[in-house]
1. With the requirement that a residue be out of contact with any strand residue (DSSP E or B) (no Cβ under 8 Å at 6 or more places or on another chain) and among the small types (Gly, Ala, Ser), what does segment 43-65 give you?
2. Could you grab me the full set of residues in segment 1-47 that are among the β-branched types (Val, Ile, Thr) and surrounded by 15 or more Cβ atoms within 10 Å (Cβ to Cβ)?
3. Which of the strands (runs of 3 or more DSSP E) contained wholly in the chain include at least 1 residues that are aromatic (Phe, Trp, Tyr)?
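Readers should treat all values here as calculations from the given coordinates under stated rules, not as data from a laboratory. Computed from a predicted structure; not experimentally measured. Note that each Cβ is placed from the backbone with ideal geometry, even for glycine, and that neighbours are counted across all protein chains shown.
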Amino acid sequence: MRLRVHDLRGRLVRTLVSGEQRSAGQHQVIWRGTDDAGRQVASGTYLYRLEAGGEVQSRRMVLLK
């Protein structure tokens, strides 16, 4: 499983989960608005991309500070 956050230009902002195997069911991952280097990112619209079990899902989300 892989869960990544991208900006609207498609640039990778943060990898939240990479390579973990999780059982079926509900799971929660919290993104605190930082990039991979730990720097705060600006408020705005971002995309998340979830890859799991051969499926890919992308959705928009809004970060408000």
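1. Listed by number, the residues that qualify are GLY53, GLY54.
2. Residues satisfying the conditions are VAL5, VAL13, VAL17, VAL41.
3. In the chain, 44-52 are the strands (runs of 3 or more DSSP E) which contain 1 or more residues that are aromatic (Phe, Trp, Tyr).
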